[in-house]
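Q: Please read through the structure below; I'll follow up with questions.
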Amino acid sequence: MVEKNAKNMKDINTIGDAIKVEHLTKSYRIVKKEKGLSHAVKSLFMPEYQTIHAVNDISFSIPKGEITAFIGPNGAGKSTTVKMLSGILTPTSGEIWINGINPTKQRMKVVQNLGVVFGQRTQLNWDLRLGESFELMRHIYRIDDAKYKENLNMMDEILGIQSFINTPVRQLSLGQRMRGDLVAAMLHTPSVLFLDEPTIGLDVEGKYAIRKFIKEMNRIKGTTVILTTHDLGDIEELCSRLIIINNGKIIEDGPLAELTERIAPCKELIVEYYDEKPVEHMRAKIVSQEGNRVTYQFEKKELTGAQLICEIAAQKNIKDATICETKIEDIIRIAYGA
Ligand SMILES: Nc1ncnc2c1ncn2[C@@H]1O[C@H](COP(=O)(O)OP(=O)(O)OP(=O)(O)O)[C@@H](O)[C@H]1O
Ligand SMILES: [Mg+2]
């Protein structure tokens, strides 16, 4: 009875969340590597092991319809997390719910809710033509004819796949292959989409198409998206929320605007004067000066760039003024501790 109630509690907790993760951990036991020939020989016969935590006790939840960037430096644990969320890897400990379903225990049920794309590895069959790969998906997911045609047409309008639909997958360019992978992942209209570096290696046009596709799927179908990426443009264009992971731990989680506010509370203003004597300001610090060009730093909550320009210009004629917006690149660099 107690167990049944506990189960119901968990179901209730996941309502409204497309994804819920609690204390998720993935550990690997690996051979300890030490420098030197003698250690190398010793480890051949008597290997010593150590445990590494690729993902170390992370918890988060994502409401339906949200596009979240899951970012972090190389080796942080992003792909390992995505693989556990999609049921490809079994967690060492912790719990996952995708629309209330546990992907490890109910793999067959969860796949109907999920689309997964790995930028580094295709899910398509190399030996088939792209269209045949889609047909295969249609059978695997038992998609009815009308829905299949409707989805394919809708996605073709955004991604333009008709011109290479009869090309064997192995002959597709990277950009074409990525478009194909996205279509294949969305043919059964999953409500949750995991994208692991979907724009990696793509040119400007390719990135544009993929981003447009993600936006449109989110807008039209309300798809919940987790996106891992090293491309700041992807984040800027698509994501309202950032989860930052480092060494297997979540180090930041929140709306992009809130993180910017907290991590980078200051802004800069560059003022070009007619001479080398800048105006002193009570609430803005001069951080550098090169001839007539003076850089002020001020707290965003204290005053706006426009206010500062007005107050300086009221005291002295200025030639030019530029407000430097905080770049997302800087936010992430500071958060990573780089
Ligand atoms: N099968 C495995 N055996 C041992 N260690 C592993 C295994 N898979 C991943 N790791 C380790 O787990 C850590 C996290 O790897 P993961 O691939 O999740 O990183 P990532 O954040 O996706 O990095 P990247 O940005 O380079 O793709 C790394 O230190 C990696 O070496
Ligand atoms: Mg990765």
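All of the numbers you see were taken from the coordinates with simple rules; none came from a lab. Here the structure is a predicted model, which is why all the values come from computation and not from measurement. Every residue, glycine among them, receives a Cβ derived from its backbone with ideal geometry; neighbour counts consider all protein chains shown.
Q: For the range 218-262, which GluC sites (Glu not before Pro) are in a loop by DSSP, counting at most 16 other Cβ atoms within 10 Å?
A: On the way: sites: GLU236, GLU237, GLU252, GLU258, GLU261; in loops: none.
Answer in residue order: no site qualifies.
Q: ³J(HN,Hα) across the range 186-201 via Karplus (A = 6.51, B = -1.76, C = 1.60, θ = phi - 60°), whole Hz, x for Gly/Pro?
A: 9, 4, 8, 6, x, 8, 10, 10, 9, 10, 9, 6, x, 10, 4, x
Q: Quick check on the exposure proxy: order LEU85, LEU114, LEU303 from fewest to most C-beta atoms within 10 angstrom.
A: Working: LEU85 25, LEU114 21, LEU303 18.
By the 10 Å Cβ count, ascending, the order reads LEU303, LEU114, LEU85.
Q: Order of MET217, MET137 from fewest to most other C-beta atoms within 10 Å? Please report the intermediate quantities before stating the final value.
A: Values: MET217 23, MET137 20.
Fewest-to-most ranking of MET217, MET137: MET137, MET217.
Q: Per DSSP H run of at least 4 residues, take -39500 (n - 2.57); add these up for the chain, divide by its residues and hand me the 222 nm value, nearest 500 deg cm²/dmol. Display every interim value, and only then the final one.
A: On the way: 12 runs with 126 residues, N = 338.
The per-residue figure over the chain is -11000 deg cm²/dmol.
Q: When DSSP beta bridges are limited to those with both residues in the chain, what percentage is antiparallel, rounded to the nearest 5? Don't skip to the end; give the middle numbers.
A: On the way: 45 of 62 bridges.
Counting DSSP beta bridges with both partners in the chain, the antiparallel share is about 75 percent.
Q: What percentages, rounded to whole numbers, describe P(r) for the range 13-259 computed over all alpha carbon pairs with 10 Å bin width beginning at zero?
A: 7, 29, 33, 20, 8, 3, 0
Q: Now, a different point. Pull out the extension gain between ARG283 and ASP330, defined as 0.36 nm times the separation in residues minus the alpha carbon to alpha carbon distance; nm, one decimal.
A: Numbers: separation 47, 0.36 × 47 = 16.92 nm, distance 2.27 nm.
Contour length minus the Cα-Cα distance gives 14.6 nm.
Q: Continuing with the same structure: Once the dipole of the range 13-259 is set up with Lys and Arg at +1 and Asp and Glu at -1 on Cβ about the Cα centre, which of ILE165, MET108, ILE245 lies farthest towards its positive end?
A: Projecting each Cα onto the dipole axis, the largest value belongs to MET108.
Q: Pop the C-beta distance of HIS230 and GLN297 into the FRET formula with R0 = 45 Å and round what comes out to the nearest 0.05.
A: Working: r = 29 Å, r/R0 = 0.64.
Given R0 = 45 Å and the Cβ-Cβ separation, E is 0.95.
Q: While we're on this one: Test of understanding: ordering ARG177, ARG170 by Cβ neighbours within 10 Å, fewest first, what list do you get?
A: Values: ARG177 19, ARG170 12.
The fewest-first ordering by Cβ neighbours comes to ARG170, ARG177.
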